[in-house]
Each structure stands twice: as C-alpha cells, then as structure tokens.
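Some notes on the structure that comes next.
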C-alpha cells in the first residue's frame, strides 16, 4: 500500500494528534464554554491520553514493537467505544455518577487529586449530557475512538517485522 497511510509512522502521528487534540478540545469545551465533565467524560480523556502515548512511543520504536503498541491502542480504543456508549445510553440517564466504574478507576489512580484540571469531574452524568453541533458529546468521543481504533488496525497491518 503506497502513500502516507501505507506507512506506520504517519498513521501513528495522526493517532497521537487525534487523541491529544480530542483531550485539548474537551478542555476548551470545559474551560471556555462551561461544558463540565462527569466521571465518564474524564475517564475517556484518560483513555485518549493512553492511546496517544502508545502512538508516540510507536513512533520511536521498531515495527515489531509498533504492532504491539497498536494492538494495545486498539484494545484501549474498544474500551473507549464501550465507555462512550455507556455514558450516553446508561450514565446520562442517571442523576449520579458516584461510585461507577469510571469514578472508581479514576479515584484509585489518584487522578482526581494529581491532575484535577484535567480529570476532576465537575458535573453529574445527566448534567454533562450535552450536544455539540446538535450531536451528543459522547457520540463525538465514540467517533474519535472508532477512528483511532481503525488507525491502530492500519498500523498493525502495515508495520511489518
């Protein structure tokens, strides 16, 4: 396969850009447009940052390691898809997100305390259920996870050992 998407490095760079850009856009939404996050929102930020870190590491590694990192990124992206769907179809219908799986994971990792500007939830799941351009925010996240997951599959395909 020729072209930029036929080589792993450009795909990994696009994955990293999309992941870090998604978190950046979420922070702009939060701090500039007062769209406050719930625990599921901040959990998805963590997943994007992990996938982005795997992609950056992949840029520095050989193809064999790139494939492993891309497989890890794909698994995290699948978790992100599940989290976005859960957020929209289940969590957004409840008044409280306290002690949900996302809340427990984030608390156990200490992220609420260590990086509250990025990870501290400021709204309940029902309050955080907002739209952007008429589309639920959780679906934007879902789309981004699907795209980075497809990017990870592409890296696994083209990164030959």
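Structural remarks
- Cα-based shape type of the range 63-123, given that a ≥ b ≥ c are square roots of the gyration tensor eigenvalues and the cut on a/c is 1.5: oblate
- Relative exposure of 43, 20, 119, judged by other C-beta atoms within 10 Å (fewest first): 20, 119, 43
- Using just its DSSP H runs of length 4 or more, each adding -39500 (n - 2.57), the chain gives a mean residue ellipticity at 222 nm of -23500 deg cm²/dmol after division by all residues.
- Fewest neighbouring Cβ atoms within 10 Å first, the residues 124, 94 line up as 94, 124.
- Length-normalised contact order for the chain - Cα pairs under 8 Å, 6+ apart - percent: 37 percent
- Build a GNM of the chain with springs between Cα atoms under 10 Å apart, and of 141, 129, 96 the one that fluctuates most is 96.
- Estimated Rh, the chain: Kirkwood, alpha-carbon pairs, angstrom: 16.0 Å
- The coefficient of translational diffusion for the range 102-161, derived via Stokes-Einstein from the alpha carbon Kirkwood radius under 4 °C and 1.567 mPa s, stands at 91 µm²/s.
- Counting other Cβ atoms within 10 Å as a rough exposure proxy, the listed residues 76, 15, 135 run 135, 76, 15 from fewest neighbours to most.
Any read-out appearing in this document is the output of simple, stated calculations on the displayed coordinates, not a laboratory observation. Not measured: the values here are computed from a predicted model. Note that each Cβ is placed from the backbone with ideal geometry, even for glycine, and that neighbours are counted across all protein chains shown.
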